Amino acid sequence: MAKSLNTRAHSAKICWQVIDQGRSLDGALADYVSQYRPNPKDKGFVQEVVYGVCRWYGELDSVASKYLKTPIRKKDRVIHFLLLVGFYQLRHLQTAKHAAVAETVGACKQLNKIWAKKLVNGCLRNYQRNPAEVADATSASHPKWLREEISKAWPNHALAIQHANNQRPPMCIRVNRGFNTRDDYLNQLKDVGIAANSDPYSQDGIILDKAVNVSLLPGFDLGWCSVQDTAAQLAADILDIRHGHHILDACAAPGGKTAHILERLDNTGLLHAVDISEARCQQLDETLRRLNLKAERFVGDASSEVSWPAPEDGYDRILVDSPCSGLGVIRRHPDIKHHRRPSDIAALNRSQAALLENLWGLLKPQGKLLYMTCSILPSENENQIEQFIAKKNNLIICDVKHPNALELKHGLQTLPGVHNMDGFYYCLLQKC
Ligand SMILES: C[S@@+](CC[C@H](N)C(=O)[O-])C[C@H]1O[C@@H](n2cnc3c(N)ncnc32)[C@H](O)[C@@H]1O
């Protein structure tokens, strides 16, 4: 095991890797955990801090600039992130202030930057004496292009969306009907002291009052439940699955929705799970293994010639959980704000159109295809569908309703901050 640094030093290194070097937050945290095996308290603290710094980066960066006489040199950027870790604790956490400052200053030595102790100590103590204000900290913590896209798409909801993007989201779980009813599982949670309520918007959903480690959830290792946002749970309902159906989940990994569909199929029918990424297919295998579910899964490109044994008469149902910008799930993945570039959207739009075009050919007459994304941008959602239906004369758009979603001309949209769930788009198409 590698020699462990203090939690502030680890947090600064992870933020530096994620924000400056483009690493995924999940990947950087997973490496930290597997390399250093932190105790649950330290792991929880580092997770809280790195998510927090990614969420509030714009605000914290602006605070730092008020106390630094000159910007920190590029080769010492880890110290810049250590300062942000310090400001995050002082502004957003209940950590005792003297411990926050002392531990953050102590991290300089651990990062082999003893020279920075005076600088970090001076900035944090000046802040304590004279705390800087940041006007509109939530907006400051979204890149300008993203603020503009959100305002353009949802002028009446833009502030609510940005606000939700910067909050800690609730922990939502999906009960596996194969083992327990939702009411039974709620009772089991109560028995182990986990406060929770049924999710009013998803038949299988439960929302916990407070996030907990999954190992504390009854039967988690046995597959009794999964962690999944309410919005993602809506897919299985909207897809209108019947026992015995042949279903294609065309962008399936890591398998959250594949598993939900299989739980609904209840060992009837057949599910083909396809994904282009071999590594992500392995995550899908692990999801299904834990839940004790079986699908035929294939590594393949669903936007070009079919490389798996698709039924000759087509599928009854196809789920296209399309690759997208992820701009609807920023509250769960705040690193998206740092990694996504406006120029990514056009390439994603091309992949989405190619997937729709290719997969439509695999649908049975009367079959249904659900196109969905975890994005709130019209170009990935309703505009994509408009362009697709303009080329087809053998489809109808199914009239799908949900009490907690916006009904668009074509499809449904959920928005963080408006519907108390992640931002997803769904459009169910039927072949005539
Ligand atoms: C939004 S994620 C799917 C999440 C998954 N449905 C779930 O619920 O866990 C999109 C997936 O599409 C896959 N993908 C991207 N392009 C693809 C393609 N051309 N063919 C098949 N899969 C593709 C990505 O590897 C990624 O795993």
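Quick note: the coordinates plus some simple rules give every number you see, no bench work behind them. Bear in mind that the values here come from a model prediction, so they are computed numbers and not experimental data. Every residue, glycine among them, receives a Cβ derived from its backbone with ideal geometry; neighbour counts consider all protein chains shown.
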Mind listing P(r) for the chain? All alpha-carbon pairs, 10 Å bins, whole percents. 4, 20, 28, 25, 15, 6, 2, 0
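If you keep only loop residues by DSSP, which trypsin sites (Lys or Arg not before Pro) in segment 208-286 have at most 14 other Cβ atoms within 10 Å of their Cβ?
On the way: sites: LYS210, ARG242, LYS257, ARG264, ARG280; in loops: LYS210, ARG242.
Counting only loop positions with at most 14 other Cβ atoms within 10 Å, the trypsin sites (Lys or Arg not before Pro) in segment 208-286 are LYS210, ARG242.
Take the Cβ-Cβ distance between LYS66 and LEU93 as r, set R0 to 25 Å, and report the resulting FRET efficiency rounded to the nearest 0.05. If you can, show how the numbers build up before the last one.
Values: r = 20 Å, r/R0 = 0.79.
With a Förster radius of 25 Å, E is 0.80.
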I'd like the Kirkwood hydrodynamic radius of segment 230-431, using the inverse of the mean 1/r over distinct C-alpha pairs, in Å. 17.0 Å
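So, with +1 on the Cβ of K and R and -1 on the Cβ of D and E, and no other charges, what is the size of the charge dipole of the chain about its Cα centre, to the nearest 20 debye? Numbers along the way, then the final one.
Numbers: 53 positive and 46 negative charges, 497 e Å.
For the chain, the charge dipole is close to 2380 debye.
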Quick calc: nm separation of the 7 Å Cα→Cβ label points for ASP240 and ASP184 -> 3.1 nm
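Report D for segment 7-140 in µm² per second (integer): Stokes-Einstein, Kirkwood Rh on Cα pairs, 20 °C, 1.002 mPa s.
Working: Rh = 14.8 Å.
The diffusion coefficient I find is 145 µm²/s.
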Highest-first arrangement of 198-208, 358-368, where packing means the average Cβ count within 10 Å: 198-208, 358-368
Taking just the C-alpha trace of segment 172-227, give me its Rg and Dmax in Å. 9.8, 26
Please name which of ILE336, LEU111, ILE276 has its Cα lying farthest along the dipole of the chain towards the positive end, using unit charges on Cβ (Lys, Arg +1; Asp, Glu -1) and the Cα centre as origin. LEU111
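Go through LYS66/LYS210; LYS391/LYS431; LYS257/LYS294; LYS190/LYS401 and tell me which ones have a Cα-Cα distance over 24 Å in this structure.
Numbers: LYS66/LYS210 35 Å; LYS391/LYS431 13 Å; LYS257/LYS294 13 Å; LYS190/LYS401 33 Å.
Among LYS66/LYS210; LYS391/LYS431; LYS257/LYS294; LYS190/LYS401, the Cα-Cα distance tops 24 Å for LYS66/LYS210; LYS190/LYS401.
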Chain lengthening between ARG168 and GLN35 when straightened (0.36 nm per residue, less Cα-Cα): 45.3 nm
For segment 7-140, give the magnitude of the charge dipole about the Cα centre (Cβ charges: +1 Lys/Arg, -1 Asp/Glu; no others), in debye to the nearest 20. 640 debye
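Would you kindly state how much longer the chain becomes between LYS118 and GLU407 on full extension, computed as 0.36 nm times their sequence separation minus their alpha carbon distance, in nm to one decimal? Don't jump to the answer; show the numbers that get you there.
Numbers: separation 289, 0.36 × 289 = 104.04 nm, distance 5.63 nm.
Extra length available between LYS118 and GLU407 comes to 98.4 nm.
With the contact rule set at Cα under 8 Å and sequence spacing of 6 or more, what percent relative contact order holds for segment 7-140?
Numbers: 125 pairs, mean separation 41.4, N = 134.
31 percent.
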Of the beta bridges DSSP finds with both residues in the chain, what % are antiparallel, to the nearest 5? 55 percent
Lys/Arg Cβ at +1, Asp/Glu Cβ at -1, dipole of the chain taken about the Cα centre: which of PRO200, ALA9, ASN121 is farthest positive-ward? ASN121
